[in-house]
Amino acid sequence: MNYVSQATPKRPLTTLQKGVNKKVTVRLKSDIEYKGKMNNVDSYMNLIMTDAEEISNGKTVANYGRVIVRGNNVLFIKLENEL
């Protein structure tokens, strides 16, 4: 008999909620990218970020205190690994 390890499937929203108060990179469908600390996320993937900066071509083009991103504009959210 072959035993296949069946891990519990990861749920994206649960993973995002565990990332609250951590650094994230968010890319919008319009190719605008923000980096900052994710303060909150809801079931629609609406985000509140603080200490956010707008990134274009790998360079910071603007700094914002707080950014609210509507979930339907999000292309992807990357949780940054903190060292």
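Quick notes on this structure:
- Lysines whose Cα lies under 19 Å from that of Lys59, excluding same-chain neighbours fewer than 8 positions away: Lys23, Lys29, Lys35, Lys37, Lys78
- Ordering 64-77, 37-50 by mean Cβ neighbour count within 10 Å, with the highest value first, yields 37-50, 64-77.
- For the chain, the Stokes-Einstein estimate of translational diffusion at 25 °C and a viscosity of 0.890 mPa s comes to 179 µm²/s, using the Kirkwood hydrodynamic radius over alpha-carbon pairs.
- Cross-link partners of Lys22 among aspartates and glutamates (Cα-Cα below 12 Å; sequence separation of 8 or more within a chain): Asp51, Glu80, Glu82
Here, each number is a calculation from the coordinates, and none is a lab measurement. Fair warning: this is a prediction, and the values are worked out from it, not measured in the lab. Using ideal geometry, Cβ is built from the backbone for each residue, glycine included, and neighbour counts are taken over all protein chains shown.
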